[in-house]
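Input: a single structure, listed below in structure tokens.
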Ligand code: GLN
Ligand code: ZN
């Protein structure tokens, strides 16, 4: 008998019920009781969808974040909130968001960072040398009772002790690993508590097993599981987000009852693991991707699994590769998706149905699910052969890519002279990152247009008015290189996806990014073609309103790739190059239309870095090549900008320099310009615009502070290569914040010029 189970279910709700419930609570429009009732209801819904599984996860539901939940379970809250008044829920949201509903006690929120290589963000546990832990198992115990009452077979899910430490940050630079000794007794107590509740299996997540581990961390894993092995529950140690590679031996031999691994990426790695695994251990294979939205090839999966099932018998478990948190809830809600494309997809609910088909095929023979297998095979065959997926001319264009395509005609030094001659910019030129406030008027016009309440001509007129307004404001401010303001863009990826062929859009394909925030990644299903220019009309309209240079604004191929659900039937590198060729055409069209400054945003380039450093090189090779293909077909006199909104460049600075953008604008204001060290040490040769104020905050920067920051910058980078700009785009701000902030920025640039 093969056992089927799940590692975690999306908690946001098929209609984002949790998002709306949380936001109502935070606004003070719903009570804590109403919020808890909603949580209970969502868990019930989700368990019902999983009722056909042998084991369902319990404890995967979180009101805000599963890591924050774990911190509460371990009685580990940041010092600064510990003694504040209020309920546990108040405390929870204080750590999550800085303050809770109706709470005037100002307190800084916990830091948030990406959960491995996903787009989910967790609240970072904060450690010091004095950190202590104390068990609070109430959440798990309550949810266990709730699951039992519903008649499902519960398997509690917790973040493992070593991953928990790895995810946290030592605030005092102490060694986090030293806390393991204090942490393990609390985990042991937790497992005992669960055992006393009659729990048989506990899923303990240790995804750090798919990263590179030095000797200390390997040792920590050994210590932890040797110490926990006396507990009365069986531990299913779960690793996910990639193959185990060099951690296989370690993982196979930790003293636990079972091991779950991601089996979607590297079947050879799994085969080797099976050879290493002691004969009494359960092996759970994650055969259905929890990271993409494609149907699984059930026939091919069974071909692989059948001999394994024979060999492993009762010891074989099947599951999705990771928690389904990273995929949307239910494909059935989609009413507008093209039926052909829809038939290729599976969201969380559909993935669990696939899992049941696999389980039944193994346990009762393929004949028992013949119809399901036939339908799956037919959908896959249709996808494989669809002319909407495969466009020979696009594949030929990718095959014909040469190094010359990504090569500017002359070196930066020669280009810079030509650009200076016609752009005639002052020292410390000022610009912005692209977007201006997305006002309620803009949003209303867009939703009216989408709903058919206004026509295309009216929509265009409304957007042109916004563009004209932003040009007027920029001229009044005295900025040097202007932007059109991106009024017409709902989102920097969706806007381009909607105009490219090979993309589809869901209505409800929401995935939690953090807390109540969700994203709806577009679905890249086919070879990419650009039927017509996407931005030229807006940019040339903006240019027609001013004699100053207007900066064309595009999203780069790597960012489009990293913020989409992409194909699993070809390497990411190939998809990225297709995007690069399409955006390259847009760049060249802008240039032909007379636009002489073009910015290509790569906000998500860093995000795409693989979990293992040994694989960075390969990723950066094709990512940077894709950018170069996009950008570097222009004439020497055309100035290419790129923008990246994050603040770690040290380890990728060579790749950044290799992009060869004439100007890069980056987020720096909160690092006090220190992150320019990476550029200084590398002797970065081109121009840089270090952000001079944080756009995430409503605070208005002062002229003096900006001058001070730029002076610091000028100690690191020659002044003639510095630009003055905000950290990022201004779309989330209001005009009454933007104008005084940019006034201060322009005045600061003038002061710097006068002093030079
Ligand atoms: N051009 C985009 C904007 O200004 C860049 C956004 C980003 O970097 N995330 O909004
Ligand atoms: Zn940015």
Worksheet item: Stretch residue 753-residue 570 to full length: gain in nm at 0.36 nm per residue minus the Cα-Cα span?
Response: 60.7 nm
Worksheet item: Stretch residue 271-residue 736 to full length: gain in nm at 0.36 nm per residue minus the Cα-Cα span?
Response: 161.3 nm
Worksheet item: How high is the FRET efficiency from residue 149 to residue 335, r the C-beta distance, R0 51 Å, rounded to 0.05?
Response: 0.90
Worksheet item: Can you work out D for segment 232-305 in µm² s⁻¹ from Stokes-Einstein, where Rh is the Kirkwood radius over C-alpha pairs, the temperature is 37 °C and the viscosity is 0.692 mPa s?
Response: 253 µm²/s
Practice prompt. Quick one: compute the contact order of segment 209-367, relative version, from alpha carbon pairs under 8 angstrom and 6+ residues apart, as a percent.
Written response: 19 percent
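Cα convex hull of segment 100-258: mean projected area in nm², to one decimal? Before the final figure, lay out each step's value.
On the way: hull surface 45.5 nm².
About 11.4 nm², averaged over all directions.
Quick check on the chain: helices-only [θ] at 222 nm, where DSSP H runs of length 4 and up contribute -39,500 (n - 2.57) each and the sum goes over total residues. Nearest 500, please. Can you show the working numbers first?
On the way: 28 runs with 326 residues, N = 756.
Helix contribution divided over all residues of the chain: -13500 deg cm²/dmol.
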Worksheet item: Ranked highest first by the average count of other Cβ atoms within 10 Å around their residues, in what order do 737-745, 388-396, 572-580 fall?
Response: 572-580, 737-745, 388-396
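Please work out how much length the chain gains when fully extended from residue 114 to residue 40, using 0.36 nm per residue of separation minus the C-alpha to C-alpha distance, in nm with one decimal.
23.9 nm
Counting DSSP beta bridges in the chain, what percent are antiparallel, to the nearest 5? Spell out each step's value before the answer.
On the way: 10 of 65 bridges.
If I count the DSSP bridges inside the chain, around 15 percent turn out antiparallel.
Going by average Cβ neighbours within 10 Å, how do the peptides 339-345, 680-686 rank, with the highest at the top? Before the final figure, lay out the partial values.
Numbers: 339-345: 17.1, 680-686: 14.6.
Answer by packing, highest mean first, reads 339-345, 680-686.
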Fill in: Label point distance in nm, residue 672-residue 128, each placed 7 Å from Cα along Cα→Cβ
2.0 nm
Worksheet, complete the sentence: Computed over segment 80-155, the distribution of all Cα-Cα distances in 10 Å bins, rounded to whole %, is 15, 32, 36, 16, 1
Worksheet, complete the sentence: Distance in nm between residue 402 and residue 544 label points, each 7 Å along Cα→Cβ, equals 3.9 nm
Worksheet item: How would you classify segment 490-557 from its alpha-carbon gyration tensor, with a ≥ b ≥ c the square roots of the eigenvalues: rounded for a/c under 1.5, else prolate if a/b is greater than b/c, otherwise oblate?
Response: oblate
Fill in: Estimated distance in nm for a label pair at residue 699 and residue 257, the labels positioned 7 Å out from Cα along Cα-to-Cβ
5.2 nm
Worksheet item: What whole number of Å gives the distance from the Cα centroid of segment 650-721 to the Cα centroid of segment 140-219?
Response: 40 Å
Response to the item:
Given a Förster distance of 25 Å, the FRET efficiency implied by the Cβ-Cβ spacing of residue 31 and residue 107, rounded to the nearest 0.05, works out to 0.70
Fill in: Stokes-Einstein diffusion coefficient of the chain, Kirkwood radius over Cα pairs, 37 °C, 0.692 mPa s, in µm²/s
118 µm²/s
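Which of the peptides 722-732, 602-612 is most tightly packed, and how do the rest follow, judged by the mean count of other Cβ atoms within 10 Å per residue?
Details: 722-732: 23.5, 602-612: 20.0.
Highest-to-lowest ranking by the protection proxy: 722-732, 602-612.
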Worksheet item: Nearest 0.05, what FRET efficiency do residue 409 and residue 1 give at R0 = 51 Å with Cβ-Cβ as r?
Response: 0.15
Practice prompt. Could you state the angle between the C-alpha long axis of helix 703-716 and the longest principal axis of the C-alpha atoms of the chain, as a value from 0 to 90 degrees rounded to the nearest 10?
Written response: 80 degrees
Fill in: Taking only Cα atoms of segment 188-263, radius of gyration then Dmax in Å
12.5, 37
Response to the item:
Rounded to the nearest 5, the percent of antiparallel DSSP beta bridges in segment 495-652 equals 35 percent
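Readers should treat all values here as calculations from the given coordinates under stated rules, not as data from a laboratory. Owing to the predicted nature of the structure, the values given are computational and were not obtained by experimental measurement. With ideal geometry, Cβ positions are generated from the backbone for all residues, glycine too; neighbour counts draw on all protein chains shown.
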